[in-house]
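Enquirer: If you scroll down you'll find the structure; I have some questions about it.
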Amino acid sequence: MLALKYYELYTRNSTAFIPRCIALLKNGFDAPPAGLLKNLLGIDLRDPNLVTDAVRFIEIKLDALEKDYSQ
């Protein structure tokens with residue numbers, strides 16, 4: 001789920017995502033993972049939409065791939 005969320009955030013706005021991701025990596029792991037993700041990347045692991053959004057993102061990418069292959 002996290003890999004998909006990272007990819008979604010990156011493709012939506014790489015200029016905003018990259019520095020936040022680097023900040024997460026540079027920060028170290030001095031807090032629980034859920035807190036770090038929430039504070040540094042805005043990802044809430046308890047959000048029920050996390051899975052729904054991941055599935056929707058995969059569907060969008062698959063639709064685009066199918067469209068490319070059909071041409």
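Enquirer: For segment 29-38, take each phi angle, set θ = phi - 60°, evaluate the Karplus expression 6.51 cos²θ - 1.76 cosθ + 1.60, and give the result in whole Hz per residue in order, putting x for glycine and proline.
Expert: Coupling constants for segment 29-38: 10, 9, 8, x, x, 4, x, 4, 4, 5 Hz.
Enquirer: Could I ask something else about it? Relative to the first principal axis of the alpha-carbon coordinates of the chain, what is the inclination of helix 49-70, with its axis defined by its Cα atoms, in degrees from 0 to 90 and to the nearest 10?
Expert: 30
Enquirer: Could you check the simple spin-label distance between Leu25 and Ser70, using points 7 Å along Cα→Cβ, in nm with one decimal?
Expert: Placing both labels 7 Å beyond Cα along the Cβ direction yields 3.8 nm.
Enquirer: Further, regarding this structure: Taking the Cα centre of segment 2-70 as origin, sum charge times position over the Cβ atoms of Lys and Arg (+1) and Asp and Glu (-1), and report the length of that vector in debye to the nearest 20.
Expert: So the dipole magnitude of segment 2-70 works out to roughly 260 debye.
Enquirer: State the volume of the convex hull built on the alpha-carbon positions of the chain, expressed per residue in Å³ and rounded to an integer.
Expert: 84
Enquirer: Given a Förster distance of 25 Å, report the FRET efficiency between Leu62 and Tyr6 from their Cβ-Cβ distance, rounded to the nearest 0.05.
Expert: 0.85
Enquirer: Mind listing the long-range amide H neighbours of Ile43? Cut-off is under 5 Å, sequence gap 5 or more, other chains count too, H placed in the peptide plane at 1.01 Å from N.
Expert: For Ile43, whose amide H was placed from the backbone, the distant partners under 5 Å are Lys38.
Enquirer: If you don't mind, there's one more thing I want to ask. For segment 1-57, which trypsin sites (Lys or Arg not before Pro) are both in a DSSP coil and crowded by at most 13 other Cβ atoms within 10 Å?
Expert: Within segment 1-57, the qualifying trypsin sites (Lys or Arg not before Pro) (loop, at most 13 other Cβ atoms within 10 Å) are Arg46.
None of the figures in this text is laboratory data; all of them are computed from the coordinates on show. No experiment lies behind these values; they were computed from the predicted model shown. Quick reminder, even Gly has a Cβ in these numbers, built from the backbone with ideal geometry, and neighbours come from all protein chains shown.
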